Amino acid sequence: MTPKDILFNYWNFSEFKTPQEEIIQSVLNKKDTLAILPTGGGKSICYQIPALILDGLTLVISPLIALMKDQVQNLQSKGIPTAYITNEQDQNLIGKILDDCQNNKIKLLYVSPERLLSRIFLERLKQINISLLAVDEAHCVSEWGHDFRPAYHKISKLRDIFPEIPILALTATATDLIKNEIVEKLQLNSPDIYKSSLKRDNLSYNVYLAADKKKELTYYLKKYPGSSIIFVRNRKLTYEISNFLIENGFDADFFHARLTKDEKELKQREWTLSNSRIMVSTNAFGMGIDKPNVRTVFHIDLPSSIESYYQEVGRAGRDDKQAFGIYLYNPDDRIQSENIFKANLPSQQDFIKISNCLFSQLQLAEGEITEMNYQLDLPKFADKFGLNLKMVVQFLDFLNTKEIIQQKNYTQNSTLRILISPHSINQNENRIFDYLQRHYSGIYTHNKEVSESKMTFDLHLSIGDIRNSLHEYAKNGMIDYSDRFLARFRFLVPRNSSTFKNKLWKDFEAIQINNWKRLQAMAYYAEQNTVCRERLLFGYFNQKMSEDCHKCDVCMAKQSSKNFNPNDLIEYLKDGPKTQNEILSKFINLPKAQIINELQYLIDELHIQPIGLNSYKITD
């Protein structure tokens, strides 16, 4: 079958989006290929269709388990033999999946980049007929990008093992700098590069000044009903805003990285199946969630970069119907974001102090390297040496990206399994064990993600007491406990204090300066109100527009100022007094700020007069 036949038979589309067909042909010609397509532009089809044409296995490297599961479930529903491998699976299941791949029973296998660190896994791959390597979210290979994953650097190992297999790298966001880094780090050989326009005719980008963000949120959710994502800065706000929306009659839920795996899957499933549910989330939500009918994506806080903002807004309108990205902006947002950025940023003095304290704690001498796997209790380490905990975490993450250390089992949540019989638990231990049994079903047979913070709240104990008790139970063989506050790592290079003081600090500083510049670019995008949002956004990615979008808040304000007739507002008020909400609903297609400004103008000119706090009538 031809690619078009497969497109119609499996996806029921008669035509490809530009430039999907060209990308697929490049892959079938066994050329290395880089595809830069907008969010919702159909990247996955560019490797899924070749997978059905090529003889062997297509190996897909994907950064998120949720993305893998969603893709695999979708392909399996079409009758396409597909599988994924994650750390959640036991070795027997992984072995069976690899056997099926070796026996040509599977066409696409999804794995995380971290899986490539396993020598056993790489040895098994050598026994499999692999026809294509697809690297999704390829921008994760860039240290200068907004979503860097150190394990992406290991993908080049596959080039050494399988030099003849073509690589297809895909991303939605890539400046010229990041595009060049993708080609270099993935060792793409003279790749065909396809860069589609970022423009999506059904999606508009809007920034609205909001003194009361909750109030403005309810206004726009009523103006644009349907399923929505609201991105917020932290976990506390996910609870706060979702509860506020529920109290105001909206179907809302919350999501953040510290939820357990089961909680995440349940929330994602219920949201995906709903036409109206609103998900209030940190940036842990959205990537890899294939929900076509999202009508609005809101930002309550200043995003960290234009790259992340563009990707998150791109979750809206994948069904090609009208959709909106709305940032409810306040001038304080920039100040808060800058303060947060600086508060947890180590200075050169902090950076060197943390490194010295780390080597002191681990008793690692200058020039020494061991094969030892270290465990470091981060809160205790930070407290012992008077360090900022978040700076310590950032420091270790940086060492991991520079391949000074290799972090292991680094997850957002702790995991726990009870190893003893319920009857052998004594009365003193019963309170914590009773809680674990009631809140985590299956905890006697499987390792379950647990939240010490929630246990602290529910049991009225300190988090230190909870962790100490759990570590004591683990020491006595009563539970298997993996504490998320325990950093697990080994050193890959000998200790070199001079490197930390000079090269590593300069590299760290350069990355943070780049992050600061990206934050400032996002702030400028939000604060300005004279240049078309789409034109400014696309210019950041070096794409020129021949004309304004005519649908963002800036363009609409220019257009409506020409078309709006104040007499229409006066005529409406002749029917009798109206509240501000009634007036805004009547002229809902016009910018809210313009209507409010016009009301104030008519009051100043004595054409209308206010009644109480928010009602108006014709002047007597």
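Within segment 272-289, the presence of a residue that is of a type in the set (Gly, Ala, Ser), at pLDDT 90 or above, under 23 Å from Pro591 (Cβ atoms) and assigned to a strand (DSSP E or B) is excluded. For Leu116, are the conditions met, namely being within 21 Å of Phe162 (Cβ to Cβ) and either outside the structural domain of Pro50 (by TED's automatic domain parsing) or assigned to a strand (DSSP E or B) (or both)? Taking the combined requirement at face value, the residue does not satisfy it.
The set of residues from segment 119-138 being at pLDDT below 95, assigned to a loop (DSSP other than H, G, I, E, B) and surrounded by 13 or more Cβ atoms within 10 Å (Cβ to Cβ) comprises Asp136, Glu137. Within segment 118-156, the set of residues being under 25 Å from Leu399 (Cβ atoms) and among the polar types (S, T, N, Q) comprises Ser118, Ser142, Ser156. The single residue among Pro566, Pro591 that is within 46 Å of the chain's Cα centre (by Cα) and surrounded by 16 or more Cβ atoms within 10 Å (Cβ to Cβ) turns out to be Pro591. Scanning segment 362-413 for residues that are within 21 Å of Arg115 (Cα to Cα) and assigned to a helix (DSSP H, G or I) yields Leu396, Asp397, Phe398, Leu399, Asn400, Thr401.
One line per residue, one yes/no per condition, for (1) within 30 Å of Lys199 (Cα to Cα); (2) at pLDDT 95 or above:
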site	(1), (2)
Asp301	yes, yes
Arg318	yes, no
Gly325	yes, yes
Leu328	yes, yes
Asp350	no, yes
Leu358	no, yes
Gly367	no, no
Asn400	no, no
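Cβ-Cβ distances below 8 Å connect the following pairs, each with a first residue in segment 339-350 that is of a type in the set (Phe, Trp, Tyr), a second residue that is surrounded by 12 or more Cβ atoms within 10 Å (Cβ to Cβ) and modelled with pLDDT of 90 or more, and a separation of six or more residues or different chains: Phe341/Asn515; Phe341/Trp516; Phe341/Leu519.
Within segment 403-425, the presence of a residue that is aromatic (Phe, Trp, Tyr), surrounded by 15 or more Cβ atoms within 10 Å (Cβ to Cβ) and either modelled with pLDDT of 90 or more or in contact with a helix residue (DSSP H, G or I) (Cβ under 6 Å, 6 or more places away or on another chain) (or both) is excluded. Contact map, segment 600-615: first residue farther than 19 Å from Asn567 by Cβ, second residue modelled with pLDDT of 85 or more and assigned to a loop (DSSP other than H, G, I, E, B), Cβ cut-off under 9 Å, separation 6 or more or different chains; pairs are Ile611/Pro577; Ser615/Pro577. In segment 27-43, which residues are farther than 17 Å from Val60 by Cα and modelled with pLDDT of 95 or more? Result: Asn29, single match.
Just one residue in the set Lys213, Lys185, Lys223, Lys179 is touching a residue at least 60 places away in the same chain (Cβ under 8 Å), charged (D, E, K, R) and in the same structural domain as Asn29 (by TED's automatic domain parsing); that residue is Lys179.
Under 8 Å by Cβ, and 6 or more places apart or on different chains, what pairs join a residue from segment 141-166 that is at positive phi with one that is of a type in the set (D, E, K, R) and at pLDDT 85 or above? Short answer, once both residue conditions are applied: none.
The values are calculated or read from the model by the stated rules, or taken from the named source; none is laboratory data. Bear in mind that the values here come from a model prediction, so they are computed numbers and not experimental data. Glycine also receives a Cβ, built like all others from the backbone with ideal geometry; neighbour counts cover every protein chain displayed.
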